[in-house]
Amino acid sequence: MAEVKLHGALLSPFVYRVIWALKLKGVPYEFVAEDLSNKSALLLKHNPVHKKIPVLVHGGKPVCESMVILEYIEETWPQNPLMPNNPYDRALARFWIKFAEDKGVAVWKMFRSTGQELQNTMKEALEMLQTVEEHGLGEKKFFNGDNIGLVDLAFGSIVYWLQVIEDVAGVKIFESHKFPHLHAWIENFKQVPVIEEKLPNQDELLVALKLRREQLMASA
Amino acid sequence: MATKVKVLGFWCSPFVFRVVWALKLKGVEFEYIEEDVFNKSTRLLELNPVHKKVPVLVHDDKVIVESFVILEYIDETWPQDPLLPQDPYEKATARFWAKFADEKLMQTACKSTWTKGEEKEDALKATMEALEKIEGELKGKSYFGGENKYAYLEIAIGWINYLLPIWEEIASIQFLDPKRFPAITAWKSKFLDNPLIKETLPPREKLLIYFHERVKQWEIDATIRELAETKLEN
């Protein structure tokens, strides 16, 4: 089997999506840690367009953008399917994946902002959560039903990081009485054995993100 | 077996065109329903409660929204004349570039029309950089899909061929310099000559009038936003 390498950084929620997908499929890979303040020549060669992580390199061929990578993984290693098997349910899954990509940005913006801007991004993030709670998840255990799938990986990284970012920014939006379905879901998500094994430690993440936020604020 | 396929759309939307082109290429019959996006119907709001936008594809009782999601649904449901390649790596590459064109090109090109001064310069620069990357992807090929003129990327990125020239004229700027983008220029010419595309595109005059008004509105919206921000700061 051709070699699989993942270029990434361990603070990145986007990188974790890929790690979870590879682990769920039992695909061995080599992790190549990237210093984002000093990007390697190899990273720039593999992702000349965006110069970002994650990049999955399979048999020397690079795939970029986390959700594009996830669909690539799903199609290349069909065991333990992470997408439904009929076109309509797949369309629904892809809808929510795109929603996560487009609207999840609010959470990253929260991390980078203070004052009025923080209030604005919190409002955006709240709206995103409300839509997912009401329209996306409902009463289901996971987004596709009984089993974990790509949509869960997309939102899992957003919500897990949100819980830490709330502490970092000193705010609270993801309240259990407002989002009972999502709260139940994130607990189910964290208890999936592969995920449990491969979740960044919340305390370590908090310390690292606090430092990063301070650096960002200082250079603003 | 007759299945009912409907498309809710807006006459000049690049997102809607993707869906129309895909269905026509595959020979799928459908009913087109024009929506007034400035005065949205109850039907649209019920079918797409999350985004309240077109295009919406209705296939029997199934509702699918978001143009790229719809394209993949169409490709999987009607497998004749496939849009996406079979190979996962080539598929990933097609998805990557479709996403890139929407995220990095459409926004910046549009912005170039209604912004002024430095903001306009920045938007224009970003647009040209995005076009350069797309030019690189097209180099040496007749179509993004190699020799397949009906591939996913032709449909996904085809909007630049009818929309960018309109925006160029309205804002008196040039995006598609043939000297700088020979591959895109050649592709554009073939694309616009394709009878199937020709029969779907609205008249140029109509597009110019419509976007002339839109650009004016976007300029006004920007001024209002600026005033609101200044008020907040003071």
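Taken together, the values in this text are just the output of simple stated rules run on the coordinates, not laboratory data. Small disclaimer: the values here were computed from a predicted structure and weren't measured. All Cβ positions, even for glycine, are placed from backbone atoms using ideal geometry, and neighbour counts span all protein chains on display.
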- Task: Would you list, by chain and number, the lysines whose Cα falls below 20 Å from the Cα of B:Lys179, excluding same-chain residues fewer than 8 positions away?
- Result: B:Lys125, B:Lys133, B:Lys139, B:Lys141, B:Lys188, B:Lys190
- Task: Would you please give the residues with an amide H less than 5 Å from that of B:Val56, counting only those at least 5 places away or on a separate chain, with H modeled from the backbone geometry?
- Result: B:Leu8
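Using helices alone, I'd like the mean residue ellipticity at 222 nm for the protein assembly as shown: each DSSP H run of four-plus residues gives -39500 (n - 2.57), total over residue count, nearest 500.
Working: 21 runs with 263 residues, N = 454.
The helix-only estimate for the protein assembly as shown comes to -18000 deg cm²/dmol at 222 nm.
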- Mean-position separation - Cα centroids, the range A:10-83 and the range B:59-84, in angstrom: 27 Å
- State the answer as a single residue: which of A:Leu10, A:Val68, A:Trp20 lies farthest towards the positive end of the charge dipole of the range A:4-76, with beta carbon charges of +1 for Lys and Arg and -1 for Asp and Glu, about the Cα centre. A:Leu10
- Take the Cα atoms of the range A:87-219, build their convex hull, and give its volume per residue in Å³. 107 Å³
- Task: Show which lysines lie in cross-link reach of A:Lys172 when reach means a straight Cα distance below 19 angstrom and same-chain residues fewer than eight apart are skipped.
- Result: A:Lys103, A:Lys109, A:Lys123, A:Lys210
- Of all alpha-carbon pairs in the protein assembly as shown, indicate the percentage at a distance above 44 angstrom. 12 percent
- Cα centre as origin, Lys/Arg/Asp/Glu Cβ charges: the range A:4-76 dipole, Debye: 140 debye
- Tell me the GluC sites (Glu not before Pro) within the range B:1-96 that lie in a loop according to DSSP and have at most 15 other beta-carbon atoms within 10 Å. B:Glu29
- Message: Treating the range B:88-206 as a set of equal point scatterers at the Cα positions, no solvent, please give the Debye-formula log₁₀ I(q)/I(0) at q = 0.14, 0.21, 0.23 Å⁻¹.
- Response: -0.59, -1.27, -1.45
- Query: Which of the lysines could be linked to B:Lys62 by a straight reach, that is with a Cα gap under 22 Å, when you skip same-chain ones fewer than 8 residues away?
  - Reply: A:Lys98, A:Lys140, B:Lys4, B:Lys6, B:Lys24, B:Lys26, B:Lys40, B:Lys52, B:Lys53
- Message: I want to check a number: in the range A:1-95, how many lysine pairs have alpha carbons closer than 17 Å, given a sequence separation of 8 or more or different chains?
- Response: 12
- Item | Options A:His183, B:Leu8, B:Val63, ranked by Cα towards positive dipole end of the protein assembly as shown, top entry (Cβ charges) | B:Leu8
- DSSP-assigned coil residues among GluC sites (Glu not before Pro) in the range B:106-199, each with at most 12 further Cβ atoms within 10 Å: B:Glu147, B:Glu199
- Message: Once you order the gyration tensor axes a ≥ b ≥ c over the Cα atoms, which shape class does the range A:4-76 get: rounded for a/c under 1.5, otherwise prolate or oblate by comparing a/b with b/c?
- Response: prolate
- Note on the structure: For the range B:93-127 the trypsin sites (Lys or Arg not before Pro) that pass both the DSSP coil test and the at-most-15 other-Cβ-within-10 Å test are B:Lys116
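Using DSSP H assignments, which helices in chain A have an axial alpha-carbon span of 18 Å or above and a mean Kyte-Doolittle hydropathy of 1.0 or higher?
A:150-169
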- Amide H contacts of A:Val55 (H built 1.01 Å from N, under 5 Å, at least 5 apart or other chain): A:His7
- Residue among B:Ala94, B:Val50, B:Leu196 farthest towards the positive dipole end of chain B, charges placed on Cβ: B:Leu196
- Query: Could you state the per residue volume, in Å³, of the convex hull enclosing the Cα atoms of chain B?
  - Reply: 150 Å³
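Pop out the Kirkwood hydrodynamic radius of the range B:5-77 from its pairwise C-alpha distances, inverse of mean 1/r, in Å to one decimal. Each step should come with its number before you reach the end.
Working: mean 1/r = 0.0830 Å⁻¹.
About 12.0 Å for the range B:5-77.
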